[in-house]
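Participant: Sharing a structure here in structure tokens format.
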Amino acid sequence: MSGGRLAVVGLGPGDLRYLTPEAETALAAADALYGYGPYLDRVAPRAGQRRYPSDNREEVARAAAALGDAAQGASVAMVCGGDPGVFAMAAAICEQIEQGPASWRTLDVVFIPGITAMLAVAAKIGAPLGHDFCALSLSDNLKPWSLIERRLDAAASAGFVIALYNPVSRARPWQFGNAVERLRRHLPETTPVVFGRAVGRPDEHVSVTRLGEADATPADMATLVIVGTRQTRIIQRPGRSPFVYTPRAAAEVSA
Ligand code: SAH
């Protein structure tokens with residue numbers, strides 16, 4: 001059968017102001033929507049459109065089901081929070097295409113970008129990602145904690161700003177404190193740290209602290225943390241919230 005299509009769609013960080021026109025068009029054209037339940041809830045129901053919400057840890061089954069549906073001729077949208085390529089379903093779909101039936105390789109599959117959490121959080125607070133930066137997931141579901149520690153060491157000692165996705169979950173209560181302790185080995189206690197929670201949603205909260213106190217700030221599954229460098233600065237603004245920024249120029253980092 002032919003004519004099927006799969007669009008892997010980024011919804012952005014929060015409400016639909018952040019949805020791109022391209023994503024909106026793909027959602028409107030879909031016969032069937034797949035995705036993690038809370039992300040699907042953000043998309044208004046349309047008459048005649050099938051919906052398949054699934055649980056957080058079911059990425060493999062969700063990807064295979066969406067590809068199978070598209071292979072049967074349906075126009076399918078897989079929805080993701082933020083951007084589909086950032087710790088989300090785009091790579092899971094590619095894994096299934098590589099491992100699955102040969103016919104999946106000839107399907108019409110497109111990836112539609114969305115605003116990822118680190119960009120949304122950064123924009124709320126100034127320009128913390130103004131110089132070189134990296135993104136790291138603190139989830140050790142798909143990689144060992146020892147590798148995360150090695151990457152934290154490497155990123156902090158090389159002078160990257162670090163955006164930490166998945167800092168904490170109910171199943172992973174200790175990892176964030178451990179990561180902060182690790183980063184303190186490389187960076188001064190005064191290093192600015194930004195916490196952005198539920199950015200772009202009604203309960204949005206953005207706060208600034210220093211690395212010395214960062215493990216005392218509550219973080220959860222809806223929080224993204226940006227850890228600055230030795231160059232990252234806080235601008236106090238009377239009567240207004242502070243700006244955090246990383247200047248565009250940097251000197252050599254000492255080994
Ligand atoms: N694909 C998503 C990331 C999925 S991983 C994206 O591009 O944004 C899930 C993690 O993303 C969360 O644990 C949190 O760290 C971050 N996150 C997602 N939405 C967020 C939001 N609205 N505000 C702050 N952080 C968010």
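Participant: Can you show me the helix-derived [θ] at 222 nm for the chain, built from DSSP H runs with n ≥ 4 at -39,500 (n - 2.57) apiece and divided by the number of residues, rounded to the nearest 500.
Facilitator: -8000 deg cm²/dmol
Participant: Quick one: if the Förster radius is 22 Å, what FRET efficiency do residue 157 and residue 201 give, using the C-beta to C-beta distance and rounding to 0.05?
Facilitator: FRET efficiency, residue 157 to residue 201: 0.05.
Participant: Here is a further query. Hey, got the dipole for region 5-115? About the Cα centre, +1 on K and R Cβ, -1 on D and E Cβ, debye to the nearest 20?
Facilitator: For this selection, approximately 200 debye.
Participant: Taking the DSSP beta bridges in the chain as the whole, what percent of them are antiparallel, to the nearest 5? The partial results should precede the final answer.
Facilitator: Values: 20 of 47 bridges.
So the antiparallel bridges in the chain amount to around 45 percent.
Participant: Report, to the nearest 10°, how far helix 175-184 tilts away from the longest principal axis of the Cα atoms in the chain, using its own Cα long axis and a range of 0 to 90°.
Facilitator: Helix 175-184 sits at roughly 40 degrees to that axis.
Participant: Can you give me the C-alpha center-to-center distance between region 168-193 and region 6-63, rounded to a whole angstrom?
Facilitator: With region 168-193 and region 6-63 each reduced to a Cα centre, they are spaced 33 Å.
Participant: Jot down the radius of gyration and Dmax of the chain, Cα atoms only, both in angstrom.
Facilitator: Over the chain's Cα set, Rg and Dmax evaluate to 19.8, 64 Å.
Participant: So for region 5-115, averaging the separation of alpha carbon pairs under 8 Å that are six or more residues apart and normalising by length, what relative contact order in percent results?
Facilitator: 44
Participant: Suppose a student asked you for the relative contact order of region 75-156, using Cα pairs under 8 Å spaced at least 6 residues apart; what percent would you report?
Facilitator: Reported as a whole number, the value is 27 percent.
Participant: Excluding the sites themselves, what is the longest stretch of the chain that contains no trypsin sites (Lys or Arg not before Pro) in a DSSP loop with at most 14 other C-beta atoms within 10 Å?
Facilitator: By the stated rule (loop sites, at most 14 other Cβ atoms within 10 Å), 58-169.
Participant: Placing unit charges on C-beta atoms (Lys and Arg positive, Asp and Glu negative, everything else neutral), compute the dipole magnitude of region 118-245 about its Cα centre in debye, rounded to 20. Mind showing how you got there, number by number?
Facilitator: Details: 16 positive and 11 negative charges, 37 e Å.
The calculation lands at about 180 debye.
Participant: Continuing with this model, one more query. Is there a quick way to get the dipole size of the chain? I mean about its Cα centre, with the Cβ of Lys and Arg at +1 and of Asp and Glu at -1; what is the value in debye to the nearest 20?
Facilitator: Result for the chain is approximately 540 debye, rounded to the nearest 20.
Participant: How far apart, in nanometres, would the label points at residue 181 and residue 215 be if each is projected 7 angstrom from Cα along the Cα-to-Cβ direction?
Facilitator: Calculated label separation equals 0.5 nm.
Participant: Just the C-alpha atoms of region 118-245: what Rg/Rh do they give, with Rh taken as the Kirkwood radius?
Facilitator: Value, to two decimals: 0.94.
Participant: Just want the answer: with Cβ charges of +1 for Lys and Arg and -1 for Asp and Glu, which residue in 80, 56, 25 is farthest toward the dipole's positive end in region 5-115?
Facilitator: After comparing all options, I get 25.
Participant: A follow-up question, please. Which whole-number percent is the relative contact order of region 118-245 (Cα, under 8 Å, 6+ apart)?
Facilitator: Over region 118-245, the number comes to 30 percent.
Participant: If you don't mind, another one. Work through the residues other than residue 197 whose Cβ is under 11 Å from its Cβ and net out their charges, Lys, Arg +1 and Asp, Glu -1. It would help to have the intermediate numbers written out before the result.
Facilitator: On the way: positive: 124, 201; negative: 203, 204, 220.
So the environment of residue 197 carries a net charge of -1.
Participant: Per residue of region 221-236, what does 6.51 cos²θ - 1.76 cosθ + 1.60 with θ = phi - 60° give for ³J(HN,Hα)? Whole Hz please, x for Gly and Pro, Karplus curve as stated.
Facilitator: Using θ = phi - 60°, the values come out as 5, 9, 10, 10, 10, 10, 9, x, 10, 5, 8, 5, 10, 10, 9, 6 Hz.
Participant: Restricting to region 5-115, what percent of DSSP beta bridges are antiparallel, rounded to 5? It would help to have the intermediate numbers written out before the result.
Facilitator: Working: 1 of 21 bridges.
Close to 5 percent.
Participant: With loop defined by DSSP as not H, G, I, E or B, and exposure as at most 10 other Cβ atoms within 10 Å, which is the longest segment of the chain clear of exposed GluC sites (Glu not before Pro)?
Facilitator: Values: sites that count: 189, 252.
Looking at the chain, 1-188 is the longest stretch - no exposed GluC sites (Glu not before Pro) with at most 10 other Cβ atoms within 10 Å.
Since every read-out is calculated from the coordinates, none of them should be taken as a lab result. What you see is a predicted model, and the numbers here were worked out from it, not measured in a lab. As a convention, Cβ positions derive from the backbone with ideal geometry for all residues, glycine included, and neighbour counts pool all protein chains shown.
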